[in-house]
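The values are calculated or read from the model by the stated rules, or taken from the named source; none is laboratory data. Note that the coordinates shown come from a computational prediction; the quantities given were computed from them, not determined experimentally. Cβ placement follows ideal geometry from the backbone for every residue including glycine, while neighbour counts extend to all protein chains displayed.
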Amino acid sequence: MKFAPGTWKYALLPLLAAPFAFIYSVAVGVVSALLGLGALAFFRDPERTPPPTGVVSPADGTVSVLRTEGEQVRLGVFMNVWHVHVVRAPFDARVRDVEHVPGAHRPAFSKDSDRNERVHLHLETDAFGGNDDGDGDDGPEDARVTLIAGAFARRIFPYVEPGDELERGDRIGHIAFGSRVDVCFPESVDRGAVTVTPGDSATAGESVVLEQRRRPFDADSGSGF
């Protein structure tokens, strides 16, 4: 079993202390061992195999956000403490920028979490093809994956840097102790292509959350719809 980077700084001390703690108190020894094993379980990083097609969930957890913001569709996945907390790329992309935004540490499932500490991964992607306007030169589109800290999460660890090329399902970071991951899709994406609804369970790198269908071009308005 693989573990996220930095796991042992949380797990090693309580695991090493457990045998000595048993000398003084069985209860303390058990608690120390459980803390170490719990850290290993929390930071586990199993292998995942993306399906042949479709945009995959960036995180293990429950779909908690699905809404349209301006011209973009936003999808959020809330992770509880028992979920795997390694975040994966939902589609092929290139990292344009990694932006850290300081903020609060509200519960990640609450409305107030929109002001929480976060890391934005600004992406450029050709995965969706852009608006079908027939000009033959759509180019890459802008998208964003956001790692959001929760009430107990105090550290966000991105694994990527500007210029990195990502393939669907690649590991892109992890969040220590509870969190949410949001995806803002390119403007060409139609909300009707989303295959999940709030309350659905998702598995990072494997569950399809959106079919790669682009928004059709409206010749009258000069934009997609």
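The residue pairs whose first member lies in region 123-135 and is closer than 10 Å to Phe91 by Cα, whose second member is at pLDDT below 60 and among the charged types (D, E, K, R), and whose beta carbons are closer than 8 Å, counting only pairs six or more residues apart or on different chains, are Phe128/Arg214. Scan region 61-76 and give yes if some residue there is modelled with pLDDT of 80 or more, more than 21 Å from Asp190 (Cα to Cα), touching a strand residue (DSSP E or B) at 6+ places or on another chain (Cβ under 8 Å) and among the small types (Gly, Ala, Ser), otherwise no. The answer is yes; a qualifying residue exists. In region 28-54, the residues that are closer than 30 Å to Leu210 by Cβ and of a type in the set (Val, Ile, Thr) reach residues that are surrounded by 14 or more Cβ atoms within 10 Å (Cβ to Cβ) and modelled with pLDDT under 70 with C-beta atoms within less than 9 angstrom, at least six apart or across chains, in these pairs: Thr53/Gln212. Only a single criterion out of (1) touching a helix residue (DSSP H, G or I) at 6+ places or on another chain (Cβ under 6 Å); (2) at pLDDT below 75; (3) buried (at least 21 other Cβ atoms within 10 Å of the Cβ) is not satisfied by Val28, namely (3).
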